[in-house]
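Before any comments, here is the structure.
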């Protein structure tokens, strides 16, 4: 289980609101008519720039001086003091998928401490996302100091927090594995005959670790291994993909050995 690093990096980009009529935020939804929404991806490692489709992107460390931060946003043409909406995406292993009939504010802390550890809530706040297809809620934790920093930088912004498992569960294939990679974090969902069987975030340091984890799921759940067994919802780094193929992991690439 990962430990939060107090000074992470973030990656940001803009998404046209014309493509996002309603922004689902788990326990609330934001509807807005502004022209742009800023997306921020929080992680302990740095993120690369992405200027695809005309989006503005960049990275900066949280522990830089106020002057450097101001200069960063000014160069991007982003007025942090007037930005209205901020969508924050955070990937980590501190989450709990719980049936809605058992989820109640009075009992959430007890369930989280039982599942993740007694001290897990220190310095963190609980957020929830509804998973209607499973009649469940995805509870996940956000460090308070991260939230304080974002509130300081974007004082007028309505901030919504997301965990990637929320989207992965909703978009997962009916049979087999669905995987999304974010740096050294693999979000993995397994369904068998449409039934949600596994939802996890696996932290890996090498392609070998990731491949062995995927194969351990294959062995444990008796998955018939074909090219349809794995559905990828994110792009793979070419080097990582090549190594995974060598371990008989099916990837979007057609160059698998028979």
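When the residues of region 150-188 are filtered to those that are within 18 Å of residue 235 (Cα to Cα) and modelled with pLDDT under 90, the one that is nearest to the chain's Cα centre (by Cα) is 182. Any residue in region 237-247 that is surrounded by 16 or more Cβ atoms within 10 Å (Cβ to Cβ) and assigned to a strand (DSSP E or B)? No - not one qualifying residue is present in region 237-247.
Please enumerate the residues belonging to region 197-212 that are over 19 Å from the mean Cα position of the chain (by Cα) and crowded, with 16+ Cβ neighbours inside 10 Å. If the condition is that a residue be over 19 Å from the mean Cα position of the chain (by Cα) and crowded, with 16+ Cβ neighbours inside 10 Å, then 207, 211 are the ones that fit. Enumerate the pairs (first residue in region 59-73 and within 13 Å of residue 154 (Cβ to Cβ); second residue anywhere and part of a loop (DSSP other than H, G, I, E, B)) with beta-carbon separation below 7 Å, excluding pairs fewer than 6 apart on the same chain, so at least 6 apart or on different chains. Going by the 7 Å Cβ cut-off, the qualifying pairs are 73/80. All told, residue 129 falls short of being free of Cβ contacts under 8 Å to residues at least 60 places away in the same chain and either assigned by TED's automatic domain parsing to the domain that holds residue 186 or buried (at least 19 other Cβ atoms within 10 Å of the Cβ) (or both). Would you confirm, using the coordinates I've provided, whether residue 166 is touching a strand residue (DSSP E or B) at 6+ places or on another chain (Cβ under 6 Å) and surrounded by 21 or more Cβ atoms within 10 Å (Cβ to Cβ)? Spelling it out, residue 166 is indeed touching a strand residue (DSSP E or B) at 6+ places or on another chain (Cβ under 6 Å) and surrounded by 21 or more Cβ atoms within 10 Å (Cβ to Cβ). Restricting attention to region 142-158, the residues that are farther than 20 Å from residue 39 by Cβ and surrounded by 19 or more Cβ atoms within 10 Å (Cβ to Cβ) total 0.
Selection of region 172-196 for residues being more than 25 Å from residue 116 (Cβ to Cβ) and surrounded by fewer than 16 Cβ atoms within 10 Å (Cβ to Cβ) yields 174, 192, 193, 194.
Do any strands (runs of 3 or more DSSP E) entirely within region 173-218 hold 2 or more residues that are closer than 13 Å to residue 240 by Cβ, and if so, which?
Numbers: elements: 176-182, 185-192, 195-203.
Hits in region 173-218: 176-182, 185-192.
Would you pick out the residues in region 150-163 that are touching a strand residue (DSSP E or B) at 6+ places or on another chain (Cβ under 8 Å) and touching a residue at least 24 places away in the same chain (Cβ under 8 Å)? I'd like the intermediate steps shown before the answer.
Step one: list which residues in region 150-163 are touching a strand residue (DSSP E or B) at 6+ places or on another chain (Cβ under 8 Å), which gives 150-151, 154, 157-163.
Selection gives 150, 154, 157, 158, 159, 160, 161, 162, 163.
The values are calculated or read from the model by the stated rules, or taken from the named source; none is laboratory data. Given the structure is predicted, the values throughout are model-derived calculations rather than measurements. With ideal geometry, Cβ positions are generated from the backbone for all residues, glycine too; neighbour counts draw on all protein chains shown.
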